[in-house]
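The structure appears below as structure tokens.
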Amino acid sequence: MHKHGLEATRDYTMIEAPFPAHKAILKEKKADLVVGVLPFSYDPELNEFARPLFDTRSGIGPIALSFWTAASHSSTGTAPRWSI
């Protein structure tokens with residue numbers, strides 16, 4: 001947004017909300033723009049009243065999304081196990 005001359009607090013207000021709530025926030029006009037992430041962006045009801053302005057590909061190009069997770073097993077007294 002800064003790249004296009006928009007400044008936070010002067011031109012827009014950012015709010016935080018969990019992804020599952022974005023559809024209701026947009027539908028109830030509590031926000032004008034929300035982030036549509038998978039799987040929520042595939043919701044047919046959302047797509048009845050919303051339209052994409054841009055997607056990841058047009059913003060930063062093709063990407064590969066991956067998750068790294070870890071769990072601590074301190075309750076069992078064993079060291080954490082890592083898996084990639």
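Brief remarks on what is shown
- Calculated FRET efficiency, residue 56 to residue 10, Cβ-Cβ distance, R0 = 22 Å: about 0.25 to the nearest 0.05.
- Seen from residue 37, the other residues with C-beta closer than 15 Å to its C-beta sum to a net charge of -1, counting Lys and Arg as +1 and Asp and Glu as -1.
- Net charge of neighbours whose Cβ lies under 15 Å from the Cβ of residue 50, counting Lys and Arg as +1 and Asp and Glu as -1: -1
- Rg to Rh, two decimals, where the range 1-60 supplies the alpha carbon set and Rh follows Kirkwood: 0.97
- Largest accessible area first, the listed residues 15, 60 line up as 60, 15 when surface is computed with a 1.4 Å probe on the assembled protein chains.
The values are calculated or read from the model by the stated rules, or taken from the named source; none is laboratory data. Given the structure is predicted, the values throughout are model-derived calculations rather than measurements. Heads up, the Cβs are rebuilt from the backbone with ideal geometry, glycines too, and the neighbour counts pull from every protein chain shown. All accessible areas refer to the heavy atoms of the entire protein, side chains included, with ligands and DNA or RNA removed. Shrake-Rupley method; radii C 1.70, N 1.55, O 1.52, S 1.80 Å.
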